[in-house]
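Before any comments, here is the structure.
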Amino acid sequence: MAKSLTEMTVEILTAQLSHRDMSPDEIAEVLRNTFGLLKTLKDRESRREIQGTEVESAPGLPESAYSKAAESRVHKPSAEMESERLTPQVPSMEPMDSIQQDKIICLECGQEFKQISHTHLKGHSLTPKEYRKKYSLPAKQPLTARSLSEKRKQKAKEIGLGVRLKSLREAKQRSV
């Protein structure tokens, strides 16, 4: 017997709660978001099934026309999917709030990281520069957790990176 959307939502939330603590507000938000996402997926799936049966049951449709129709559904996005892709997503939080002490939250998918890598953003068809621009983040804002940025800053100070950079810049100025 198939599970209801509510049962699936509760299972997903239970799994998340077993791995991390959440405030009551976070739990409520995750419930709403997860249920909404599952409902959207179910609606899309049922629309695809309806579209598929319409093509199959069309009287007098030759086999070659059916395969072309099926192929066009697979390879060409529908107008609805195209509009979803072009419609800007509204982040679930303020962009600067996504950069926290021990984690950074991807505003595209909601995953948590120590650092949002170029590879991860490539999965969203974005570069770090485009990501910063899309969410109005400063151009020099590192896409890392604050603690990781601080560790890197301390390490740079320990090895004298700033002093060496300053001396190289001064040497370059003198040679020009």
Length-normalised contact order for the range 94-135 - Cα pairs under 8 Å, 6+ apart - percent: 24 percent
Accessible heavy-atom area order of PHE113, PHE35, highest first, probe of 1.4 Å: PHE35, PHE113
Solvent accessible area, Å² - ASP102, 1.4 Å probe, full protein context: 100 Å²
Solvent exposure, largest accessible area first (probe 1.4 Å, DNA, RNA and ligands not counted), of LYS42, LYS151, LYS134: LYS151, LYS42, LYS134
The range 126-176, dipole about Cα centre (Lys/Arg Cβ +1, Asp/Glu Cβ -1), debye to the nearest 20: 60 debye
With DNA, RNA and ligands ignored, accessible area of HIS124 (1.4 Å probe; Å², nearest 10): 50 Å²
Accessible-area ranking of VAL176, VAL163, VAL10, VAL30, largest first, probe 1.4 Å: VAL176, VAL163, VAL10, VAL30
Among GLY160, LEU143, ALA171 the positive-end extreme of the charge dipole of the range 102-176 (Cβ point charges): ALA171
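The values are calculated or read from the model by the stated rules, or taken from the named source; none is laboratory data. These numbers come from a predicted model, not from an experiment. Because the Cβ atoms are built from the backbone with ideal geometry, glycine has one as well, and the counts that use them run over all protein chains shown. Each accessible area value is taken on the protein alone, full model and side chains, heavy atoms only, with ligands, DNA and RNA left out. Shrake-Rupley method; radii C 1.70, N 1.55, O 1.52, S 1.80 Å.
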